Structure formats: C-alpha cells, structure tokens
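The values are calculated or read from the model by the stated rules, or taken from the named source; none is laboratory data. Given the structure is predicted, the values throughout are model-derived calculations rather than measurements. Quick reminder, even Gly has a Cβ in these numbers, built from the backbone with ideal geometry, and neighbours come from all protein chains shown.
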C-alpha cells in the first residue's frame, strides 16, 4: 500500500498533455472481443485499470501486448473466446462488466462475476440485463456470477432506457452490432466516450446511426473485422488539471483536450474567476485571485459530469462565498466530504446536496481516497492546505491518472509517493 505526501502552498504553472480517456479505452478493449484477429488501440493511458482489463482479456483467450510508454495496446482475439470473467479481477474494476455484451454476442454465453469498483453508490445492472433480455438473452445467477445464455444468437429489439446509463448503453451497443436485425436504443447516453466506442465499432464494420444523439439505431452484421483506433482524450483528466489551476491560483496549459467536451465545467471555472482560452493544442486556465464559490448540479452528459464533482467541492472549500453542490447520479459520492472535513473544510450534506462555506485556509491531515475522483479532490485540497496532507489508498488515483506525481511535480507541486506502512507509528 502506498500514500501521497502533499505539501501545500505552491502555485501550479506549466503544461500537461491529456492521455486517452480511462472511461473509453476500457470499453474499446472489450469491443476488441467482437472480432477475430489483431485490434490495435493507441493513445492508451498508463493507468492500473488498463492492466486489469488486459489481464481479463488474456483469461478470455486473447493475446494482449501492452506498451505503456508508447501508449499502445495490441489485442489478438482467437476464433473461440472464453466466457468467464473471474471475481478477482472484476471486483477491482467495475468497467469489467463491459465484456458482458461482447461475450454474449460473440460466444453466446457469458459468466461474469458481479462487479466491484469505486465506493460511490449503487450502480445496478438492471438496465443491462433487461435490454439484453429483449434481444433474446436469458439470465441467471450462481455463486456470485451473472450467467447469460443466447445460444441461438441475439436479435434486434426496441429498447428504452429508464435512465441514460453509460454502461448499459455501451453493453447494448456492443451486443447489438452482431445481433440479427435492427436494434433501437432510446434515451441512450451521449457521452464522448460512447461516441468514441461507436466510431471504433464503425471502423470494424458495424452499422450505427444517430451517434452522439439519444437514439441509436444499430443494424446487426454477421461479423466484424479488427481495426486500429486512437482513444479520445480524457475530458475528466483535463477537467481535473483545469480545476487544479484554479484552486492553486495557477496557470496551466492543457494539451490534447477538447473544450467542447467540458463546456459546462469550464464555464463554471470562468464564473469562479478563472480565465480560459483555447490554444492550438488544447486550452489554458489561469487564476489570479481567490476563486469565487460556484453552485454545481451533476447531470448526464452534456450536463456537469459527476466525475468532476469532488474536484469542484475541493475548489469551493477554499472559495470566497457559500455554494451548493447537488449530486444526481451517485448517492455515496459524498463520502469524500468526511475526508475533506478532516482538512478543515466547512461542508455539510443533506441528502443529495452538499453545502460548502469557503475558508481561506485548510490544514494538512491524514485522509483516505475512497475512489478515483475523490482521491484527486483530496490531493487538490492538500495542494492549498497548510503543512502536509497524507493521502492514503492512492491505488484508486492510479486507476485513473497516469504519471500523476511526475506531472504534478513538473508543474511545481510538492507531492511524494511513499510506502504507507512506513508511516505507521512504531
């Protein structure tokens, strides 16, 4: 187990390059199962979750070569794929459930352990299962595994999602591309990562209409072909660096990022007092004074992303004024607030609302990262706290942020990775 020692007080200044999106590349890797042969994915982030998904694909029979320094994955899928996704991997990363749709479509059977992942609240699989059932799959459960069968193959269906679930949309699209007939998914999620997945599937020979809209029409084909595809830039990583510039009253150029994927978040930073300008390589965020408090309401894309909520709570914790943050997607995401309060933040929660009264200073203390984005938010708070903040359970942060300490140090931040056991009192 490792920890970060974060020393506050330094302004962040410089430039960073945004890698491919964690929330996209894991689904692209799952989609590679749909075609026999070698699929190459580039612009791959150097994060722990990629290694976990690579091992899962290997256990399903694929030969996976991961070159993290080059940002490249080569996935060689056999003619016959396995169908069992074991608990020891699935429990570590909820995105493992993305193999469910491809396995049913390709193998006609899937045994997938019920997933784990971040502790941010209930994220049931009901919509995944109901949609696949409409396409002809039959489900059961045994010994902690979700077991699906569709020996006769899947067929097209009309599917309405009660909520624009990203995971359900992705699984259903990947299943539908090899189903017989036409599948229509209404109230589909519209995230850039889903658009990225659809673009890769299109390169593989899939026929998908309405990409980027809330209605996707998929005309099934008999087979797909392997391809080469570059992962879309990670908008959440870009948004995290942008918020770090604001909280430290810094100046960061964020390269290879798309402002159109972060319109609301960047507008909130402007409201907080930051200057945001596009550059030839991405965009730049500058903050020259203490930020002003801003209200946030998380919503499905194109609304404000829940994955930037902890970072903005950290920003509001040192902002001038009082703010309210409303979390509409994951009810347990406010667990992070208890840790932030240990640094002196004045935050009160009531249901799915958090009320924050900004303070001029926070003070360093030991805190625990409960998920990927909470960990980033705690590091941000540590960067502006007096003294040293010890962030424990940083494996969560490693799941979503490549070369995190190196990049922060390069921007002028003071952060050190240490053995957590060495911090324990003798």
Test for residue 50: is it part of a helix (DSSP H, G or I) and closer than 23 Å to residue 192 by Cα: yes
Index of the failed condition, residue 202 passing every other in (1) surrounded by fewer than 17 Cβ atoms within 10 Å (Cβ to Cβ); (2) in the same structural domain as residue 334 (by TED's automatic domain parsing); (3) assigned to a helix (DSSP H, G or I): (2)
In segment 303-320, the residues that are part of a helix (DSSP H, G or I) and under 13 Å from the mean Cα position of the chain (by Cα): 306, 307, 308, 309
Selection count where residues are assigned to a strand (DSSP E or B), touching a residue at least 40 places away in the same chain (Cβ under 8 Å) and touching a helix residue (DSSP H, G or I) at 6+ places or on another chain (Cβ under 7 Å), scope segment 154-184: 1
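Scan segment 341-367 residue by residue and report those that are assigned to a strand (DSSP E or B) and surrounded by fewer than 23 Cβ atoms within 10 Å (Cβ to Cβ). First the steps, then the outcome.
Initial filter on segment 341-367 (assigned to a strand (DSSP E or B)): 346-350, 353-357, 362-363, 366-367.
Residues satisfying the conditions are 346, 347, 348, 349, 350, 353, 355, 357, 363, 366.
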Residues (on the phi > 0 side of the Ramachandran plot and touching a strand residue (DSSP E or B) at 6+ places or on another chain (Cβ under 7 Å)) located in segment 26-82: 37, 43, 71
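Does residue 89 qualify as being at pLDDT 95 or above, surrounded by 17 or more Cβ atoms within 10 Å (Cβ to Cβ) and outside any loop (DSSP other than H, G, I, E, B)? Explain how you work it out, then say what you get.
Details: at pLDDT 95 or above: no; surrounded by 17 or more Cβ atoms within 10 Å (Cβ to Cβ): yes; outside any loop (DSSP other than H, G, I, E, B): yes.
Against the criterion (at pLDDT 95 or above, surrounded by 17 or more Cβ atoms within 10 Å (Cβ to Cβ) and outside any loop (DSSP other than H, G, I, E, B)), residue 89 does not qualify.
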Residues being touching a helix residue (DSSP H, G or I) at 6+ places or on another chain (Cβ under 9 Å) and under 11 Å from residue 4 (Cβ atoms) - total across segment 402-426: 7
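Would you mind stating whether residue 338 is free of Cβ contacts under 8 Å to residues at least 40 places away in the same chain, more than 20 Å from residue 290 (Cβ to Cβ) and part of a loop (DSSP other than H, G, I, E, B)?
Numbers: free of Cβ contacts under 8 Å to residues at least 40 places away in the same chain: yes; more than 20 Å from residue 290 (Cβ to Cβ): yes; part of a loop (DSSP other than H, G, I, E, B): no.
Answer is no for this residue.
Taking residue 95 as the residue in question, decide whether it is closer than 29 Å to residue 152 by Cβ and part of a helix (DSSP H, G or I). Show your work before the answer.
Details: closer than 29 Å to residue 152 by Cβ: yes; part of a helix (DSSP H, G or I): yes.
For residue 95, the condition - closer than 29 Å to residue 152 by Cβ and part of a helix (DSSP H, G or I) - is met.
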Some residue of segment 31-40 being modelled with pLDDT under 95 and in contact with a helix residue (DSSP H, G or I) (Cβ under 9 Å, 6 or more places away or on another chain): no
Residue 370 being assigned by TED's automatic domain parsing to the domain that holds residue 319, surrounded by fewer than 24 Cβ atoms within 10 Å (Cβ to Cβ) and either in contact with a helix residue (DSSP H, G or I) (Cβ under 6 Å, 6 or more places away or on another chain) or in a strand (DSSP E or B) (or both): yes
Residues within segment 322-331 that are loosely packed, with under 15 Cβ neighbours inside 10 Å and part of a loop (DSSP other than H, G, I, E, B), tallied: 2
